[in-house]
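Note sheet for the following structure.
The values are calculated or read from the model by the stated rules, or taken from the named source; none is laboratory data. As the structure is a computational prediction, the values presented were derived from the model and not from experiment. So basically every Cβ, Gly included, is an ideal-geometry build from the backbone, and we count neighbours across all protein chains shown. These accessible areas exclude ligands, DNA and RNA; they are computed on the full protein's heavy atoms, side chains included. Shrake-Rupley method; radii C 1.70, N 1.55, O 1.52, S 1.80 Å.
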Amino acid sequence: MQHKEKTINFWNQMFNEAKPMEIRREDIKIENSLDRYLKLIGDSCRTVLDVGCGLGTCLMSTLCLGDKIEKGVGFDSSENAISFALETAKLSKFDALTYVAQDESFMRTLDNESFDGLICSNFLDVIPEELSTTIIHEMDRVLKPNGLLLLKLNFYLDEELIKRLNMEKIEENTYAMKGVLRAHNLTTEQWIKRFTHFNLIQEDAFQRAPNLPKDRILLLKKRS
C-alpha cells in the first residue's frame, strides 16, 4: 500500500502541468509503430477500455485513427491526468470517450466480457506485482472472447541500465527511483506467461525515450 500511494502521488505531480487542449481528428496521423497498433484497435473494436490511461491520449488516438469505436472508457488514479483527459475530450468533442478518476477497484464495477478491446500502456510494470496480478485477472474478466489487448511495457532493465539510472532494488525484480516504484522488471517472455488465457499475436517495439532502449509492444488475443 505504501508503494501504491507513493506511485499515485508521483504521477499526479507529473501530470500537474498538463493543459487541456482541443484535438482535431484530421491532425492525428500514424507517425510510429504505436500509432499503427492504436489504429488496429480502433479499426477492430467497438468498445475499448484503457487501463491506467494517464492523460488518456492513447484512447484519443485510437478513436481518431480508427473507425469503429462506439464507446471508450479510460481510468487512472491520477486526478490531474483525468482532469486533463476529460477537458480535452470535451474540447475535442470526443463524445464517445469517458474518463474516470479511480484506482483498479473501478474494474470491479464493470460487467463480465463488456469490452472487445483493451489498451494498457506503461502501467502494469510500474506498479507492485500483486496489484498487477489483480488487474490482469480483471482484464481477462472484462474482455470478450477473441478480444484484443494492446499492451505496452517499458524496456527491460539489465544490470548496466539499473546502475546508469540509479535504481534501487526494493523487492524481487522491483526497482525504485528516489523512493518511488518505477519498474517491476520482467522479461517479455515472463510477461506473456502471466496472461494465461491469451495468445500472442504480434510483438513489436516503440522508441519512446531518446538514448534509452525501445519500449515493448505486445498485441494479445483472448482465447475463445
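For this structure, a couple of remarks:
- Some residue of segment 11-29 being closer than 27 Å to LYS221 by Cβ and of a type in the set (Val, Ile, Thr): yes
- Residue in segment 168-224 that is most open to solvent (accessible area, probe 1.4 Å), counting only those that are of a type in the set (Ser, Thr, Tyr) and either under 17 Å from ASN154 (Cβ atoms) or touching a residue at least 60 places away in the same chain (Cβ under 8 Å) (or both): SER224
- Test: residue in segment 83-97 that is closer than 26 Å to GLN207 by Cα, modelled with pLDDT of 95 or more and in contact with a Ser or Thr (Cβ under 7 Å, 6 or more places away or on another chain): no
One line per residue, one yes/no per condition, for (1) in contact (Cβ under 8 Å) with a residue 12 or more places away in the chain; (2) over 17 Å from the mean Cα position of the chain (by Cα); (3) in a helix (DSSP H, G or I):
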{"position": "CYS53", "(1), (2), (3)": "yes, no, no"}
{"position": "SER61", "(1), (2), (3)": "yes, no, yes"}
{"position": "CYS64", "(1), (2), (3)": "yes, yes, yes"}
{"position": "ILE69", "(1), (2), (3)": "yes, yes, no"}
{"position": "PHE75", "(1), (2), (3)": "yes, no, no"}
{"position": "ILE82", "(1), (2), (3)": "yes, no, yes"}
{"position": "VAL100", "(1), (2), (3)": "yes, no, no"}
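- When residues in segment 175-198 are screened for being in contact with a strand residue (DSSP E or B) (Cβ under 8 Å, 6 or more places away or on another chain), farther than 23 Å from THR7 by Cα and in a loop (DSSP other than H, G, I, E, B), 2 of them pass.
- Hits in segment 194-224 - residues which are under 18 Å from MET139 (Cβ atoms) and of a type in the set (A, V, I, L, M, F, W, C): PHE195, PHE198, LEU200, ILE201, ILE217, LEU218, LEU219, LEU220
- Enumeration of residues in segment 136-167 that are free of Cβ contacts under 8 Å to residues at least 24 places away in the same chain and not acidic (Asp, Glu): HIS137, ILE162, LYS163, ARG164, LEU165, ASN166, MET167
- Checking each residue in segment 42-51 for being open to solvent by 10 Å² or more (accessible area, probe 1.4 Å) and not polar (S, T, N, Q) picks out ASP43, ARG46.
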